[in-house]
Amino acid sequence: MTITARAPLTFAVAPAVDPALYEGVLDLWVDVSNAGGAVGFVPPVDREAVRPELLKHLAAMADGRTRLVVGRDADGRVAATAFLALNGHPLMRHWLWVYTVMVDPALQRRGAGRALMAAVADAARELDGIGAIRLGCRGGLGLERFYESCGYREVGRVPDAIRVAPGDDRDDVTMLLPLR
C-alpha cells in the first residue's frame, strides 16, 4: 500500500490487481523480453507466451507469498515492476527474493531502474523481520554492475547455469542486499 514517488515514476506496493494493472504488467514483460531483458524469456515473445508466467506470479500474490512493486509513469502506465517473494523456509524467513525486475526499455539508463530498486528496498524494510534481499541475475549482460551500484554484492555464481540458446550458456549470479 505504500506509495513512493521517485521521478519520473510513482511506486506502489501490493496494489490491487485490476485489468489495467494485469494488462500493463503483461505488456511490460513482453516489451522488456523483446528488448533482450533477462526476465525469463528469449526474444521474440508475445503476450500468449508470457501470460502463463504472469498468472503464476499473480497466484503467488493471491496466496500472500509474493508482493508486487509497480512503478507508473505520469500517465499511469505500468513502467517498472519487481516481485518480492517471501521465504517460506522456517530457517530463512529473515530474507526475501526479488525477481522479474523490469523497467520499460524507453526508461532504461535514465534512473528508473535505480528508483525501482530503492522502492524494492523500502518495501522490504516495511516487512517484519526482513534483514536482506536476494536476487538472481543472468551473467554476461553487465547486470551485476548495475545491482552493485544499488548496494547489492555478489554472493554466488553458478557457471553456465542458464542456457539462452545452444552454445550460449550464462552464469546464474546471486546478489544480496543487507537491509541493516
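The values are calculated or read from the model by the stated rules, or taken from the named source; none is laboratory data. As the structure is a prediction and not an experimental result, all values here were calculated from the model. Cβ atoms come from the backbone with ideal geometry, glycine included; neighbour counts cover every protein chain shown. All accessible areas refer to the heavy atoms of the entire protein, side chains included, with ligands and DNA or RNA removed. Shrake-Rupley method; radii C 1.70, N 1.55, O 1.52, S 1.80 Å.
When the criteria are applied in full, ALA115 meets the requirement of being within 20 Å of ARG72 (Cβ to Cβ), assigned to a helix (DSSP H, G or I) and either touching a residue at least 60 places away in the same chain (Cβ under 8 Å) or open to solvent by 50 Å² or more (accessible area, probe 1.4 Å) (or both). Taken over segment 131-147, residues that are open to solvent by 30 Å² or more (accessible area, probe 1.4 Å) and closer than 26 Å to LEU91 by Cα amount to 2. Being under 14 Å from the mean Cα position of the chain (by Cα) and buried (at least 16 other Cβ atoms within 10 Å of the Cβ) is a condition met by no residue of segment 42-51. Picking from residues in segment 148-176 that are of a type in the set (Asp, Glu), touching a residue at least 12 places away in the same chain (Cβ under 8 Å) and assigned to a strand (DSSP E or B), the one that is least open to solvent (accessible area, probe 1.4 Å) is ASP171. Counting residues in segment 97-107 that are small (Gly, Ala, Ser) and within 29 Å of GLY64 (Cβ to Cβ) gives zero.
Within segment 17-41, restricting attention to residues that are modelled with pLDDT of 95 or more and out of contact with any helix residue (DSSP H, G or I) (no Cβ under 8 Å at 6 or more places or on another chain), the residue that is surrounded by the fewest Cβ atoms within 10 Å (Cβ to Cβ) is PRO19. Of the candidates GLU126, GLU144, the single residue that is free of Cβ contacts under 8 Å to residues at least 40 places away in the same chain and within 18 Å of the chain's Cα centre (by Cα) is GLU144. Scanning segment 120-147 for residues that are over 16 Å from TYR99 (Cβ atoms) and in a helix (DSSP H, G or I) returns ASP122, ARG125, ARG145. Within segment 52-64, the only residue that satisfies the criterion of being open to solvent by less than 60 Å² (accessible area, probe 1.4 Å) and not in a helix (DSSP H, G or I) is GLY64. Sort out which residues of segment 65-104 are under 18 Å from LEU21 (Cα atoms), open to solvent by less than 80 Å² (accessible area, probe 1.4 Å) and not in a strand (DSSP E or B), and write them in order of number. Correct list: ASP73, GLY76, ASP104.
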